[in-house]
Amino acid sequence: MSKIASIDIGTNTVRMLVFETEPGGELREIGQERAITRLGEGVGTRRRLLEHRMQGTLSVLAAFRDRCREHEPITIRAVATSAVREADNRDDFLNRVRVELGLEIEVIPWEDEARLMIEGVLWHLPDAEKAVLAFDIGGGSTEFILARNREIAAATGTLLGTVRLTEKFIFHHPIVEKEYRALEEHLRRELNLIKEELSAFPFEILVGTAGTVTTLAAIDGGVFPYDPEKVHGRMLSLDRVEKILADLKGKSLEERVAMKTIEKGREDLIIAGSALVLEIMRVFECDLLTVSEYGLREGIVLDAMKRKKLSGTR
């Protein structure tokens with residue numbers, strides 16, 4: 001049996017996933033971890049990774065590397081997305097990871113990020129052959145993909161990330177309505193443009209993945225401790241998202257931190273993220289959202305497995 005790990009270095013969160021291949025070729029998860037490091041703080045305005053955020057991320061990556069090595073021999077594929085992609089000092093960060101940790105980080109363009117995301121989403125999605133509109137909300141960007149019969153028909157990358165939106169629009173907690181309205185109007189304008197780009201055919205299923213969406217699902221179902229099996233496949237209604245967001249807007253940061261279903265470090269970002277989910281459902285006129293626990297991390301593993309098969313390695 002071979003083992004493979006994916007490490008997804010996002011704008012807000014670093015995620016690790018470890019799989020082993022069983023004799024029949026099936027993948028079995030043997031470990032996963034995540035940590036909020038907010039590597040992309042300020043990248044939208046300064047275009048630089050901050051020293052203390054880089055150092056915090058390096059510490060997390062060192063721990064993840066050591067976890068992976070417990071499963072040796074293992075193949076590790078690490079990718080970085082929006083924050084590192086945009087930072088002027090990204091080479092400094094990549095070199096430090098290489099020299100200090102012995103890890104090679106692949107900075108992937110949004111097109112590859114979208115392709116890997118949809119591969120992960122469709123992996124365990126019932127009715128995956130249907131017309132699917134999937135979105136992945138990250139800290140620095142959000143990718144949208146329209147697919148049918150497991151084939152991508154159209155895709156677009158945006159700068160609608162939770163860290164970026166929060167830094168630009170949300171400055172008070174509880175939320176000041178004037179700030180929220182500015183965010184809402186911005187989202188509506190951008191999403192209407194995206195809708196035009198993704199109009200090749202009507203979709204049948206709207207799927208959301210990543211931290212904002214799974215947090216909303218956890219809040220909706222009172223899922224604590226977090227249980228992926230109770231979150232994956234959960235359906236969120238437009239009405240329920242509206243009610244959850246209205247409640248969150250009225251809470252202070254401390255009150256949100258006290259909610260067991262919100263991961264510490266996400267308490268300020270959950271407003272912009274939830275507003276984005278809500279406006280996606282409104283603009284695309286969809287009353288139900290399917291929540292996927294699977295996404296980029298799984299897509300990285302599946303893609304790495306394909307590469308190994310093509311190269312003939314075991």
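Here is how the numbers come out for the structure above:
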quantity: Residue count, segment 8-40 (criterion: surrounded by fewer than 20 Cβ atoms within 10 Å (Cβ to Cβ) and in contact (Cβ under 8 Å) with a residue 12 or more places away in the chain); calculated: 13
quantity: Residue match in segment 106-115 (condition: out of contact with any strand residue (DSSP E or B) (no Cβ under 6 Å at 6 or more places or on another chain), in a helix (DSSP H, G or I), modelled with pLDDT under 95 and of a type in the set (Gly, Ala, Ser)); calculated: no
quantity: Condition check for ALA83: touching a residue at least 60 places away in the same chain (Cβ under 8 Å), in a helix (DSSP H, G or I) and crowded, with 18+ Cβ neighbours inside 10 Å; calculated: yes
quantity: Verdict on LEU50 being open to solvent by less than 40 Å² (accessible area, probe 1.4 Å), of a type outside the set (Val, Ile, Thr) and touching a residue at least 12 places away in the same chain (Cβ under 8 Å); calculated: no
quantity: Output for segment 278-307, where each listed residue is β-branched (Val, Ile, Thr), surrounded by 24 or more Cβ atoms within 10 Å (Cβ to Cβ) and either closer than 20 Å to THR162 by Cβ or at pLDDT 95 or above (or both); calculated: ILE280
quantity: Among (1) of a type outside the set (S, T, N, Q); (2) open to solvent by 30 Å² or more (accessible area, probe 1.4 Å); (3) closer than 21 Å to GLN32 by Cβ; (4) more than 23 Å from the chain's Cα centre (by Cα) - the single one GLY102 does not satisfy; calculated: (3)
quantity: Condition met for ARG181 (surrounded by fewer than 19 Cβ atoms within 10 Å (Cβ to Cβ), closer than 22 Å to LEU133 by Cα, without any contact (Cβ under 8 Å) to a residue 12 or more places away in the chain and of a type in the set (Lys, Arg)); calculated: no
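The values are calculated or read from the model by the stated rules, or taken from the named source; none is laboratory data. This structure is a prediction, so every number in the text was calculated from the model and none was measured. Using ideal geometry, Cβ is built from the backbone for each residue, glycine included, and neighbour counts are taken over all protein chains shown. Surface accessibility is based on the protein's heavy atoms, side chains included, excluding ligands, DNA and RNA. Shrake-Rupley method; radii C 1.70, N 1.55, O 1.52, S 1.80 Å.
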